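The values are calculated or read from the model by the stated rules, or taken from the named source; none is laboratory data. It should be emphasised that the depicted structure is a prediction, and the values quoted were computed from it without experimental measurement. Cβ atoms come from the backbone with ideal geometry, glycine included; neighbour counts cover every protein chain shown. Note: areas computed on protein heavy atoms with side chains; ligands, DNA, RNA excluded. Shrake-Rupley method; radii C 1.70, N 1.55, O 1.52, S 1.80 Å.
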Amino acid sequence: MKKEEIKKANLSIKGMHCVSCANNITKKLNKTKGIKYSNVNFSSEKAKIEYESSIITEENIVKIIENLGYTASPIDVADIDRDKIERAKELSKMRMLLLASAALSIPTLVISMFFMHLPGKEYILLILSTPVQFGIGYYFYRGMFLALRNKTANMDTLIAIGTSVAYFFSIYNMLTNPMAELYFEVSAVLITLVILGKYLEALAKGRASEAISSLIKLSPKKARVIRKGKEITIQIDDVRIGDQIIVKPGEKIPVDGIIISGYSTIDESMITGESMPIEKHKGDTVTGATINKHGSFTFKATRVGSDTTLSQIIRMVEDAQGSRAPIQRFADQISAYFVPAVVSISLATFLLWYFVLGATFSFALIVGVAVIVIACPCALGLATPTAIMVGTGKAAQNGILIRNGEVLETASKVNCVVFDKTGTITEGNPKVTDIETYDVDEKYLLQIAASIENKSEHPLAEAIILKSKERKISLKDVSVFKAIIGHGVQGKIGSNKITIGNIKLMKDEKIKVNQIDAIKEMENEGKTVMIVAENKKVIGLLAVADVIRESSIEAIELLKKQKIQVYMITGDNERTAKAIAKKVGIENVFFEVLPNQKAAYVKKLQKKFIVAMVGDGINDAPALAQADVGIAMGSGTDVAVETGGIILMKNNTTDVVRALRLSRMTLNKIKQNMFWAMIYNIVGIPIAAGVLYTSTGILLSPVIAGGAMALSSVSVVSNSILLKFRKL
């Protein structure tokens, strides 16, 4: 059986008038054979789709969307110019509609209010309001008919019905009873107010998505490369892997790579958020879009195009901003039934006032129109996506990458954080601190230890190799190498069998260890001790210590203040583990845990807590995947850690606290938005229906209702934008 190939499509969708449009497209796509997943985001006007290429093509998907009445086209998520052009076009269109509508509706309102006895007034109002109703209002009629064609209803349905009733009832009165009230200004002003709301909403949505724009602007446009022995300047898109690129002081580094000659300090703040420039030498990695401060250097390109660190960040932020949080399902469910419910309430209001309470036909009709106009599900639909857009954008600008809305929501509920020790609480650069020898000299001990460890990839092995290099000790050939995961290594040098590892390994190999007191003393200082044995005899001890990150103590203190449980997990023995934990203020420690056992410990904690696991994203991958939220420490060049739901670009442990705090702030914004959107309708609809009229004389006119409706959507988006100014 042929394995299905899942492809991804990123589409720009135009013609959506409200969140209901996005929901309708999503539903249609999700019901289509071959489409595995789709999400249409009204705020960003983009769709993320996963599909089986053997069943359906991207062209077919575009046609499905176009058949629904919208326009769709493939996009590159990093195409900032296109995005800016499209947004500028949309704003320009809304501005022209607004100006035209205002130019006609303002005179209509003025004549209706202040020139009631103007000769031919009704014909002047008809002439002024008709272009607004059917020219500007075409925007809403089209949306309504598209919704009806798809057997649903949306915000446009409410606006089209409400304004049409006011307009056509005015024509009826004009023809049958010249003395009756006319409501041409209601339909004209209402359309103008809604267009104003749409214009302000488009402006606000543009500000909400500024994070992506600011990230993409970082990318340089050209690169200076050496080809055929000559230095030439080429477009960034023409750079190939392996190209040698020259960077001079003050220039941006074009792509990711490794320095092959020269030296400099580099400002990486735009990628990692780290303010201090970083020294870079031959062999060090450099990241595209960072700024070369002082020296000149040449580097070899290792990642170009969509594979660069910046492109990966942009793609991840784009995906996060277009994703849906679980809490959004609540708003979607309400929106699905909202429009039919509002039309029903409006009809019931008209019937009650006219037939039961004895109001005039025109009074009952206008009250019914006010109910239709004030109720709009757009504010509720915008509550979640706008907050996620701002929250994930703010995170990216602070060196924190959040994979999607679901991770963001889960992170807000975390009440337990598990830290891996090496590379997370510590810097991950261990150094040899103590050397003890028995019947051999230090040079010999380091020589055979470094020779064996040279075959290993463990961080502790690197410390021993580094020490031998410092002493300029040459290495010997090793045969029959074997790594015993979590315990140590073995190998042969000549005819001698060398064993390096912990006490457990020595016991398994039946090697007698008489240096227990010396080992305990070093371990009590937080050092990891490796016992070196040659042919079943201990010939030395090597103690290795890793420097604790300065940020670790502060981060753990802040987490504990927030009543979050903190655990440390490590493969170290009990004494070493507890010594490190004590230094950083952690009481709960899991020690002597093998890499493949970490996930099981996380699973146990999940029975009591919502768990975040913090690790380096490589040997901690199973635990990161098991946790409710996996937080991967990154160096700025390894941002595509697949198992991390949150990736910290800086090696700063306090960013764990910031990430969790931001997730809580974002979820609070979503809840605030939902509350205000719902309370607005809960209070507004009864007032528009006239519940206060008999007792207080207060009645909400359709014009005021329209203004309030437009304002509700703008206020929700603006509330989300306030998140940008909150301190992390």
5 angstrom amide H check on Ile569, placed H, neighbours 5+ away: Phe419, Asp420, Lys421, Phe590
Students often get this wrong, so check it: of Lys561/Lys671; Lys151/Lys413; Lys476/Lys507, which have C-alpha atoms separated by over 30 Å? Lys151/Lys413
At 1.4 Å probe size, what's the solvent-accessible area of Ser718? Round to the nearest 10 Å². 50
With a Förster radius of 35 Å, plug the Cβ-Cβ distance of Asp307 and Ile679 into 1/(1 + (r/R0)^6) and report the FRET value to the nearest 0.05. 0.15
Per the 1/(1 + (r/R0)^6) rule, R0 = 22 Å and r from the Cβ atoms of Asp434 and Lys507, FRET efficiency to 0.05 is 0.50
Sticking with the crude label model, points 7 Å out along Cα→Cβ, report the distance from Ile258 to Glu427 in nm, one decimal please. 2.3
Dipole of segment 28-185 [Lys/Arg +1, Asp/Glu -1 at C-beta], most positive-end residue of Leu158, Gly135, Leu68: Leu68
Taking amide H positions as placed 1.01 Å from N in the peptide plane, with prolines and chain starts having none, which residues 5 or more places from Glu251, or on another chain, fall under 5 Å of its amide H? Asn292
As a test of the formula, what do you get for the chain when each DSSP H run with n ≥ 4 contributes -39,500 (n - 2.57) and the sum is divided by the residue count, at 222 nm and rounded to the nearest 500 deg cm²/dmol? -15500 deg cm²/dmol
Any idea what angle helix 654-688 forms with the longest principal axis of the chain, computed on alpha-carbon atoms, 0 to 90 degrees, nearest 10? 10
Suppose each label sits 7 Å from its Cα in the direction of the beta carbon; what would the Asn67-Asp237 distance come out to in nanometres? 3.3
Order the peptides 54-64, 681-691 from the highest to the lowest mean number of other Cβ atoms within 10 Å of their residues. 681-691, 54-64
Let's test the formula: R0 of 25 Å, r as the Cβ-Cβ distance of Lys724 and Lys413. What FRET efficiency results, to the nearest 0.05? 0.60
For the chain, the longest principal axis of the Cα atoms and the Cα long axis of helix 328-351 enclose an angle in degrees, to the nearest 10, of 10
As I understand it, the value is the acute angle between the Cα axis of helix 138-149 and the longest principal axis of the Cα atoms of the chain; what does it come to in degrees, rounded to 10? 70
For segment 530-539, in residue order, the Karplus 3J(HN,Hα) values (coefficients 6.51, -1.76, 1.60; θ = phi - 60°; whole Hz; Gly and Pro = x) are 10, 8, 10, 10, 10, 6, 6, 10, 6, 10
From the residues Leu126, Phe355, Leu196, which one has its Cα farthest along the dipole of the chain in the positive direction, the dipole being from +1 and -1 charges on Cβ of Lys/Arg and Asp/Glu about the Cα centre? Phe355
Identified option (computed mean projected area of the Cα convex hull in nm²; candidates (1) 41.1; (2) 36.1; (3) 30.1): (1)
Quick one: of Lys228/Lys280; Lys7/Lys36; Lys578/Lys607; Lys222/Lys650; Lys482/Lys536, which pairs are farther than 21 Å apart, Cα to Cα? Lys228/Lys280; Lys578/Lys607; Lys222/Lys650
Among 408-414, 340-346, how do they line up by average Cβ neighbours within 10 Å per residue, starting with the highest? 408-414, 340-346
Can you order the peptides 459-468, 193-202 by their average number of other Cβ atoms within 10 Å per residue, highest first? 193-202, 459-468
Magnitude of the Cβ-charge dipole (Lys and Arg +1, Asp and Glu -1) of the chain about the Cα centre, nearest 20 debye, reported as 460
For segment 570-580, take each phi angle, set θ = phi - 60°, evaluate the Karplus expression 6.51 cos²θ - 1.76 cosθ + 1.60, and give the result in whole Hz per residue in order, putting x for glycine and proline. 7, x, 5, 6, 4, 5, 5, 4, 5, 5, 5
Given a 1.4 angstrom probe, what's the average accessible area per residue across the chain, in square angstrom? 45
For Ile278, enumerate residues with amide H under 5 Å from its amide H, sequence gap 5+ or separate chain, H modeled in the peptide plane. Ile266, Asp267, Glu268
Can you pull the one-decimal nm distance between simple spin-label points at Asn496 and Lys476, each 7 Å off the Cα toward Cβ? 0.4
